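Worksheet for the structure shown next.
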Amino acid sequence: MKSHRRRSSVAMVLSAVTLTVGLAACSSTEDSARLTWYINPDGGGSNPEGGGQAQIAAQCTEAAGGAYSIEIQLLPNSASDQRQQLLRRLAGGDSGVDLMSLDPPFIPEFAQAGYLAPVPEDMVEAFTEDRVESAVTASEWDGKLVTVPFWANTQLLWYRKSVAEAAGLDLEGGNVTWEQLVEAADSQDVTIGVQANRYEGYTVWINALIAGAGGEILVNPGPALEDIELGLDSDAGREAAAIVRSVADARVGGPSMSTSDETVALNLFQDPDTSGFLVNWPYVWAAFPANGVEFIDDIGWAMYPATNDEGDPAPPYGGISIGVGAFSEHPDLAYEAAECITSHEHQLLYMVGTGNPASRASVFDEAEVVEQFPMADVIRDSLEVAVPRPQTQYYGDLSTAIQRVWSPPNGVDPDATPARSAELIMDVLRGEALL
Amino acid sequence: MSTATAPAETKTPSKDKALLSNRAKAERRLGWKLAGPAFIVMVAVTAWPILQAIWLSFFRYRLTDPDAREFVFLGNYSVIFTDPVFYQALRNTLLITVVTVAVELVLGFAIAMLMHRVVLPRRTLRTIVLIPYSIITVVSAFAWLYSFRTDTGYVNHWLNTITFGAWDSAFDWFGSWAPAMSVIMVSEIWKTTPFMSLLLLAGLAQIDGAMEEAAKVDGATFWQRLFKVILPNMKAAIMVAVLFRTLDAFRIFDNVFIMTRGANDTETLSTLAYKQTIDRVEIGMGSALSVVLFLMVFAIALIFIKGFNVDLAGSRK
């Protein structure tokens, strides 16, 4: 009786599921495939006319002429929560994940786990032409293109022109170093907005500092665990640690530097009494007028600060690439849709609509973009030299371990912290430590 | 109700099987038939995941790399018990449990006494007291987070005002261990004191008013009545309330997760287990931690029930 009961309840659930799926399939036209695109929240929300990914989805559906229709699903706000949700779906073999907006650091993990459908050979050229260098690098894994570069992000240095002038800093003329910035902020009694909370943004900063000193967190990106070689315990690592510590010691990182994320840093810069400098993504340009900042004319922008006098700056790279789920029932159509989503026309629409920079270099020459983003050329230059975060399938562990050892910033010891973080990463990866 | 009374009825005759009448036997069979399906479902949804977690805890198993799954037997446990991170999380969890339960007991008792005595707006008062408990923990955690943060918070400004400027209005509550833990505990206490007071109120209501009156007539002071009459008579209710809250507090997750995500050494056992299982998708290590957490919760319940003779069934009558 028990098994009968269980069987019948299982049958009931199954039939309910089949019914729902069947009904859902009927709702679109019979010969058009329905593709589900998991998008990260952007300024457009789920509004098909909001200038965001939802609008692109609607336009591509129309352009497909019935071959496919794209339906969007909104992912959580933070990048780590987005990864979690997609990962759990894909680990369960969810065929409903056709297209997904992926944060670059998670691409290797997804690719290595076999969660991404292979990019068709004949489309590789279309997906890489006209793209900025960093966007292509970030979309690859193990020497192969595994996702389609969509939009590309990079951090700039934002500053108060009056403060820079008073401190004698020439930010329009050339690169500025972190040391000069700290000195200038200290002398003018203003702040530098940075991201040093124990979260992904802190790894972004540390990676940029190490890369700026000519180093690498991960020396040999690749799949095998036993081959992993870390470059944290190096002169570049120590230089990066010294900069983090100097910002904390000079107390120019604001009163809550150890918990500051992008928003806290932005708030700090918007405070007219203490605002001096800020490293942040270009979305802040749209945020200033929206938040009622009164000194917009006094705000300048420049290339990300250099770690030292010798090297060039290595601005952080961010953005979104489009991945196609390995369990999708229509991978070919999904790649066709990805081509439509990342077209010149749609990247332009997206940049103008949400303020997120395109991965296609030619978009930056468009009149609309030049008008709306006076700093467009700096963004493009920054994207050409931007350095992605370490590419490894163990990125999550690596990043969390770095954040843990380097927190709080005022406890960073240039001689010990980089080495300790390297040690913890290896222990964690070998399964010999908790994280 | 019917399921709760059925085992109680069959309990007495089961002491002596020979005396079991046909009717009692039939009733017992009926009881099993009625409660059986629910019992089976309960075992299926609780015992099965527990057993699976124990099994998985013997493996090194990353969800994104299932081919590399490797049997390590007690390897995960040995990592846990030799890692300082685990002991830090354990210390935090114990501290939160002891402090919050103690404070809640005192506060909750005071509120229960008030609710017990106040006659006029009785229902309104009880509703008001219960409001924090009806708020979702994540929501209350966000409310406390925002009120203590340096950019959006008002607490620093208030403290600055009442100390005539002595308090630093830019004090970073979440920047170091002690203040962060304090906010986490204050939020937890605010949220769950009503639950404690509600359980204690039920205990207070059980006390025979005549006993208290007799003590009063004999000239006992308020404190004498409290410690000699009221408290001894509601011991069972107090122990049940403390047990429930201890088990709850030991599994604290939401407040820590929202406020610090374990930064500045504020990790607790639940957030640590979450990190291994959900963030790192290390199913083996996460399961091992969950098993450890389960055993500890189990031990707490056992100590209370056996050690302090808490009669869960008795207090419910």
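Every number here is computed from the coordinates shown, using simple stated rules; none is lab data. Here the structure is a predicted model, which means the values were calculated and not measured. Please note: Cβ atoms are built from the backbone with ideal geometry, for glycine as well, and neighbour counts cover all protein chains shown.
What residues qualify as long-range amide H neighbours of residue A:72, i.e. H under 5 Å apart, gap of 5 or more or another chain, H built at 1.01 Å from N?
Placed amide hydrogens put A:37 under 5 Å from residue A:72.
Amide H to amide H, which residues 5 or more places from residue A:299 or on other chains are under 5 Å from it, using H placed in the peptide plane?
A:161
Just to check I understand the Karplus step: with θ = phi - 60° and J = 6.51 cos²θ - 1.76 cosθ + 1.60, what whole-Hz values come out for the range A:153-169, glycine and proline as x?
10, 8, 8, 10, 9, 9, 8, 8, 4, 5, 5, 4, 5, 4, 8, x, 9
How do the peptides B:144-152, A:390-398 rank, highest first, by the average count of neighbouring beta carbon atoms within 10 Å per residue?
Per-residue mean Cβ counts within 10 Å order the peptides as A:390-398, B:144-152.
First measure r as the distance between the Cβ atoms of residue A:294 and residue A:189, then evaluate 1/(1 + (r/R0)^6) with R0 = 25 Å and state the FRET efficiency to the nearest 0.05. Write out the running numbers ahead of the final one.
Details: r = 20 Å, r/R0 = 0.79.
Plugging the Cβ-Cβ distance into 1/(1 + (r/R0)^6) gives 0.80.
Which angle from 0 to 90°, rounded to the nearest 10, does the C-alpha axis of helix A:417-429 make with the longest principal axis of chain A?
Helix A:417-429 and the main axis of chain A meet at about 20 degrees.
Be a star and scan the range A:277-317 for residues whose amide nitrogen sits under 16 Å from the point 7 Å along the Cα-to-Cβ vector of residue A:377.
Backbone N within reach: A:301-303.
Let me know the shape class of the range B:83-316, please: from the alpha-carbon gyration tensor, a ≥ b ≥ c as square roots of the eigenvalues, rounded when a/c is under 1.5, otherwise prolate if a/b is greater than b/c, or oblate.
Judged from the Cα gyration tensor, the range B:83-316 comes out oblate (a/c at least 1.5, b/c at or above a/b).
Please give the helix A:2-27 orientation as an angle from the longest Cα principal axis of chain A, in degrees from 0 to 90, rounded to the nearest 10.
The two axes meet at around 80 degrees.
Multiply the residue separation of residue B:158 and residue B:294 by 0.36 nm, subtract the distance between their alpha-carbon atoms, and state the gained length in nm to one decimal.
Numbers: separation 136, 0.36 × 136 = 48.96 nm, distance 4.13 nm.
The residue B:158-residue B:294 span can extend by a further 44.8 nm.
Considering amide H positions built from the backbone, and no H for Pro or chain starts, which residues 5 or more places from residue A:33, or on another chain, come under 5 Å of its amide H?
The answer is A:68, A:69.
What number comes out for the charge environment of residue B:134, summing +1 per Lys or Arg and -1 per Asp or Glu over other residues with Cβ under 14 Å away?
On the way: positive: B:126, B:191; negative: none.
Net local charge, residue B:134 excluded: +2.
Defining a contact as two alpha carbons under 8 Å apart and six or more residues distant in sequence, what relative contact order in percent does chain B show?
26
Taking loop as defined by DSSP and a crowding limit of 11 other beta carbons within 10 Å, which chymotrypsin sites (Phe, Trp or Tyr not before Pro) in the range B:155-199 fit?
For chymotrypsin sites (Phe, Trp or Tyr not before Pro) across the range B:155-199 that sit outside H, G, I, E and B with at most 11 neighbouring Cβ atoms in 10 Å, the list reads B:164.
With just the Cα atoms defining each centre, how far is the range A:156-200 from the range A:407-435? Give it in Å.
Spelled out, the Cα-based centre of one part sits 28 Å from the other.
How would the range A:39-109 be classified by its alpha-carbon gyration tensor: rounded, prolate or oblate, with rounded meaning a/c under 1.5 and the a/b versus b/c comparison settling the rest?
Oblate.
Looking at the range A:44-110, which GluC sites (Glu not before Pro) are DSSP coil and have at most 14 other C-beta atoms within 10 Å of their C-beta? Please report the intermediate quantities before stating the final value.
On the way: sites: A:49, A:62, A:71, A:109; in loops: A:49.
Those that pass, being in a loop and sparsely packed, are A:49.
Any idea what angle helix A:395-405 forms with the longest principal axis of chain A, computed on alpha-carbon atoms, 0 to 90 degrees, nearest 10?
30
FRET efficiency for residue B:117 and residue A:235, Cβ-Cβ distance as r, R0 = 51 Å, nearest 0.05?
Step by step, r from the Cβ atoms, then E = 0.10.
Return, ordered by residue number, the residues of the range A:328-346 whose backbone nitrogen is under 15 Å from a label point located 7 Å along Cα→Cβ of residue A:123.
Answer for the range A:328-346: A:328-344.
What relative contact order, as a whole-number percentage, does chain A give when Cα pairs under 8 Å and 6 or more residues apart are counted? The partial results should precede the final answer.
Numbers: 820 pairs, mean separation 108.9, N = 435.
The normalised contact order for chain A reaches 25 percent.
What trypsin sites (Lys or Arg not before Pro) does the range B:60-132 have in DSSP loop regions with at most 15 other beta carbons within 10 Å?
Answer in residue order: B:69.
Hey, what did the range B:57-213 get for relative contact order, percent, Cα under 8 Å, at least 6 apart?
Once normalised by length, the contact order is 28 percent.
Please list 3J(HN,Hα) in residue order for the range A:195-204, calculated via the Karplus relation 6.51 cos²θ - 1.76 cosθ + 1.60 where θ = phi - 60°; whole Hz, with x for glycine and proline.
10, 9, 5, 7, 7, 3, x, 5, 5, 4
Step through the residues of the range A:311-316 one at a time and calculate ³J(HN,Hα) from phi using the Karplus curve (6.51 cos²θ - 1.76 cosθ + 1.60, θ = phi - 60°), rounding each to whole Hz and writing x for Gly and Pro.
Computed from phi, the couplings for the range A:311-316 are x, 7, x, 10, x, x Hz.
Run the simple label-point estimate for residue A:250 and residue A:166 please: 7 Å along Cα→C-beta, distance reported in nm.
1.5
Using a cut-off of 15 Å between alpha-carbon atoms, which aspartates and glutamates can reach residue B:191, once sequence neighbours fewer than 8 places away in the same chain are excluded?
B:104, B:248, B:254
Is the shape of chain A best called rounded, prolate or oblate, per the rule: a/c under 1.5 gives rounded, else a/b larger than b/c gives prolate, else oblate, with a ≥ b ≥ c the square roots of the Cα gyration tensor eigenvalues?
It is prolate, given that a/c is not under 1.5 and a/b is the larger ratio.
Per the helix-only calculation at 222 nm, which mean residue ellipticity applies to chain B, given -39500 (n - 2.57) for every DSSP H run of n ≥ 4 and division by its residues, nearest 500 deg cm²/dmol?
Working: 15 runs with 219 residues, N = 317.
So the helix-based figure for chain B works out to -22500 deg cm²/dmol.
Which helices, counted as full DSSP H runs in chain B, have an axial Cα extent of no less than 30 Å and a Kyte-Doolittle average of 1.0 or above?
Going by DSSP H runs, the hits are B:84-117, B:177-206.
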